[in-house]
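Below you'll find the structure, written out as structure tokens, and then a few comments.
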Amino acid sequence: MMFCPHTLQVKVVTPEKVDEYGRPLPKSGEERWVTLCKCRCDDNTTREFTSANGEVFRPNYHVVCEGKADVKAGAEVRCMDGGSVRGEGRVYIVKETNYFNYSEIWM
């Protein structure tokens, strides 16, 4: 990709560990953002998806990144523009192209 001004990050959640009585251990769980790749995040105003049961979904953002995106539907991701958040949300659908080496993420 020639134009990729943003950085794609995915949220990784480590669950809390518990003792033998089921009580959470202090400082055992954590949430952190892991950087995946450079990307381009655009506002989505026109595209709609319809699920198999007829539910209509209009995502807020369309993200294009080079290569295969290591993201699954339902993951929480964000696009960073320097130090500020450009777009954030849950992934609805991930599409990968066959000929061109890029992926599309709708969130």
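A few remarks follow.
- FRET E, pair THR46, GLU88, Förster distance 25 Å, beta-carbon r, rounded to 0.05: 0.75
- Within the assembled protein chains, the solvent-accessible surface assigned to ARG90 is about 140 Å², based on a 1.4 Å probe.
- Taking Cβ separations below 4.7 Å as the criterion for a possible disulfide partner, the isolated cysteines in the chain are CYS4, CYS37.
- Derived scalar couplings between HN and Hα for segment 19-24 equal 8, 5, 9, x, 7, x Hz in order, rounded to whole Hz, by the Karplus curve 6.51 cos²θ - 1.76 cosθ + 1.60 (θ = phi - 60°), x for Gly and Pro.
- If you sort THR50, THR14 by accessible surface, 1.4 Å probe, largest first, the order is THR50, THR14.
- Per residue, the accessible area of the chain comes to 69 Å², computed with a 1.4 Å probe over protein heavy atoms only.
- Remark: accessible surface ordering of ARG40, ARG47, ARG78, ARG58 (largest first) is ARG58, ARG47, ARG40, ARG78, probe radius 1.4 Å.
- Loop-resident GluC sites (Glu not before Pro) (DSSP state other than H, G, I, E or B) in segment 1-98 with no more than 16 further Cβ atoms inside 10 Å of their Cβ: GLU16, GLU20, GLU48, GLU55.
- Three-way shape call for segment 20-75 based on the alpha-carbon gyration tensor, with the a/c threshold at 1.5: oblate
- Modelled spin-label separation between TRP33 and PHE57, with each label point placed 7 Å from Cα along the Cα-to-Cβ direction: 2.2 nm.
- Near GLU96: Cβ cut-off under 13 Å, other residues only, Lys/Arg at +1 and Asp/Glu at -1. The net charge is 0.
- Probe 1.4 Å, all protein chains present, accessible-area order of ASP42, ASP70, ASP81, largest first: ASP70, ASP81, ASP42
- To the nearest 10, the accessible area of SER51 is 40 Å² with a 1.4 Å probe.
The values are calculated or read from the model by the stated rules, or taken from the named source; none is laboratory data. Computed from a predicted structure; not experimentally measured. Note that each Cβ is placed from the backbone with ideal geometry, even for glycine, and that neighbours are counted across all protein chains shown. Calculation scope for accessible area: heavy atoms of the full protein, side chains included, ligands and nucleic acids excluded. Shrake-Rupley method; radii C 1.70, N 1.55, O 1.52, S 1.80 Å.
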